[in-house]
Amino acid sequence: MASVNKFALIARNLSTTSSASQMVKPPVQVFGTEGRYATALYSAATKMKQLDQVEKDLKSLQATMKSDAKLRDMIVSPIINRKVMANALKDTTKQLRMSEATSNLLQTMADNGRLKRLDGIINSFNTIMAAHRGEVVCEVVTAKPLDDSQRKQLEGALKKFLKGNQSLQLSARVDPSLIGGMVVSIGDKYIDMSIASKVKLYTDLISQTA
């Protein structure tokens, strides 16, 4: 119950509408602290009719964070005073003409000391917005790059998860630590079929019986 109340409080902080206490449920569930902020932002932006602008703001901000190391370091710094950071972000959002919902998000995160999670919150919000448009975001992680034939076969299998007019947005990345197999995240589903996870499972079983 406490987490639900905190969730509603975040949404009220982000929204300036009189109906802020009534949450707008997102089309897909996202988890963790990042998911709670992203969901609260989706609810607030929907009520304020700023969804498209917020998405544009966050994509621009994420791209800037990747290219500007100084900005990225400042945002995640534990040294800078929260109030000072909140005021600086307020001025920045005004200069960049960002939406009120985006500005409220950044100030709330600064006040709560959560700015280091900003990149994850943006990713969670992107997942919600993709579902809002009828897209199903899928990330596939493999030990080695997929060739064209493997990618087409995988896309064919994953499309069986789709409903109605949904479309698949597939991204792939490589993580050699998986050893083999793959890890698939599609919508709110997570499937770990990597050799690394099996090795860990067997290792844990052996340790328990030793």
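All of the numbers you see were taken from the coordinates with simple rules; none came from a lab. Predicted, not measured: the structure shown is a model, and the values here were computed from it. Cβ sites come from the backbone with ideal geometry, for glycine too, and all protein chains shown count toward neighbours.
Things worth noting here:
- Within-14-Å neighbourhood charge of residue 183 [Cβ basis; K, R +1; D, E -1]: +2
- Dividing the mean sequence gap of close Cα pairs (under 8 Å, 6+ apart) by how many residues the chain holds gives a relative contact order of 19 percent.
- Cα radius of gyration and Dmax for segment 134-209 (Å): 14.6, 50
- Cα-based equivalent ellipsoid, segment 89-136: semi-axes from gyration tensor eigenvalues, Å: 23, 14, 7
- Using the Stokes-Einstein relation with a Kirkwood hydrodynamic radius computed over Cα pairs, the translational diffusion coefficient of segment 113-163 at 37 °C and a viscosity of 0.692 mPa s comes to 247 µm²/s.
- Most fluctuating residue given options 71, 51, 106, as computed from a GNM of the chain linking Cα atoms under 10 Å: 71
- Across the alpha-carbon atoms of segment 88-197, the computed radius of gyration and Dmax are 18.0, 50 angstrom.
- Lysines with Cα under 23 Å of residue 189, excluding same-chain neighbours fewer than 8 positions away: 25, 144, 152, 159, 160, 163, 198, 200
- Helix 195-209 vs. the chain, principal-axis angle (Cα, 0 to 90°, nearest 10): 80 degrees
- The simple spin-label model puts a point 7 Å past each Cα toward its Cβ; for residue 76 and residue 139 those points are separated by 1.5 nm.
- Under 5 Å, built H, 5+ apart or other chain: amide partners of residue 168: 136
- Alpha carbon Rg of the chain, scaled by the compact-globule rule 2.2 N^0.38 Å: 1.18
- Packing-based order for 157-163, 183-189, using average beta carbon neighbours within 10 Å, highest first: 183-189, 157-163
- Cα-based helix-to-principal-axis angle, 148-158 vs the chain, degrees rounded to 10: 70 degrees
- Debye equation applied to the C-alpha atoms of segment 33-148, log10 I(q)/I(0) at 0.13, 0.18, 0.23, 0.24 Å⁻¹: -0.53, -0.93, -1.40, -1.50
- Annotation: amide H of residue 194 within the under-5 Å range of 182, sequence separation 5 or more or interchain, hydrogens built in the peptide plane.
- Springs between Cα atoms under 10 Å define the GNM used for the chain, and in it the highest mean-square fluctuation of 41, 146, 170 occurs at 146.
- Of 22, 50, 107, the one that fluctuates the most in a GNM where the chain has Cα springs shorter than 10 Å: 22
- Distance from segment 186-205 to segment 81-124 (C-alpha centre basis), Å: 35 Å
- Angle in degrees between helix 118-132 and the longest Cα principal axis of the chain, rounded to the nearest 10: 80 degrees
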